Amino acid sequence: MPPKSKKKCSKQSKLLPYYLRNGPKNITEMEENTCSATDQMGKENANMAASSSELNKDTQITKSSTLSEELSKLEKMIVGMENRLKKDNADNKVEILQMFNAGTLEIKKAIGELQDQVKEHDKAIRFQDKEIESNKNYTKQIKNELDGKISEMKKDAIRSGIHNRKRNLLFYGIPLQGSLDKEDTETVVRNILQDKLKLEKTLVDKMTFTACHRLQPRKDSAPPAIIIVVHMLKDRQLIFNSTKNIPKDSQITVRQDLPVELKIKRSKLAKLAFTLRKDKNFQTRIKLYDVELKLEVRKNKMDSWKEYKKED
């Protein structure tokens, strides 16, 4: 029965002379080990090529680390086989070493090329990182510019709202005279201007209101506020400046009409001001600076007004 044919190995092992492939046992084992190592190198080389292809596809820096590990394993395997061949005393050792060294050079050349590719990929990734960081900075800059423009647009809208309401005044704390639909609101306001604000009747009678009515009822039990639109700006200013004459024990307050967002803030500041007057005996005022409301306090009339801060 004819002997079974041996498994074919790589192309380089076929270059071995016939008598070496069928010679002493140690040489046969050396050839088999060489075949196995060469095939293993081929597999490792294929794995490295696949890793390189994947790196090209995804450009991920983690692939460089994996590839370096595989290359290190190959180099260790080559060094081990070289040491083994050097220790063997078989005939034609020089020929075997020359053949093996030629294959080793090819493998090392391939390894060098792969390492160069890894370096190129690393360089490309670093360049992309710089581009990404540059784009982030540019996006942040654009966002800051847009935020600034939006902020200015909001301020302009508030300024416009303040300007449109510059003739308006709001009266709070005036009891409802009769029913809401039958009350003569303008007469009620004129009486308040004379009795509480101490304005002369002749001046009050000359004033013209282009609007004077109650606002929608509030959720609490307080009477609805009254809004008036004064025709002459000087009359509006006279009324507002005379609010200092309102008795301290009176529930009536007169305030400038403001856009909704400023009304909400003023309401919060008014509650805080009430607490400061009660607990710390501060004098308080809420003043508008451009589009910003500030709560100012002082101990007495001899002190200067200053903006209230929580640490005060």
Unmet criterion (only one of (1) within 21 Å of residue 162 (Cβ to Cβ); (2) at pLDDT 95 or above) for residue 215: (2)
All strands (runs of 3 or more DSSP E) inside the stretch 245-309 with 2 or more residues being over 33 Å from the mean Cα position of the chain (by Cα) and free of Cβ contacts under 8 Å to residues at least 40 places away in the same chain: 283-289, 292-298
Test result for residue 215, within 43 Å of the chain's Cα centre (by Cα), touching a residue at least 12 places away in the same chain (Cβ under 8 Å), over 21 Å from residue 292 (Cβ atoms) and not assigned by TED's automatic domain parsing to the domain that holds residue 286: yes
Among (1) over 48 Å from the mean Cα position of the chain (by Cα); (2) part of a helix (DSSP H, G or I) - the single one residue 158 does not satisfy: (1)
Selection count where residues are closer than 22 Å to residue 260 by Cβ, out of contact with any Leu (no Cβ under 9 Å at 6 or more places or on another chain) and outside any loop (DSSP other than H, G, I, E, B), scope the stretch 169-187: 3
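The values are calculated or read from the model by the stated rules, or taken from the named source; none is laboratory data. For clarity, every value in this text was computed on a predicted model and none was experimentally measured. For neighbour counting, all protein chains shown are included, and Cβ atoms are generated from backbone atoms with ideal geometry for every residue, glycine included.
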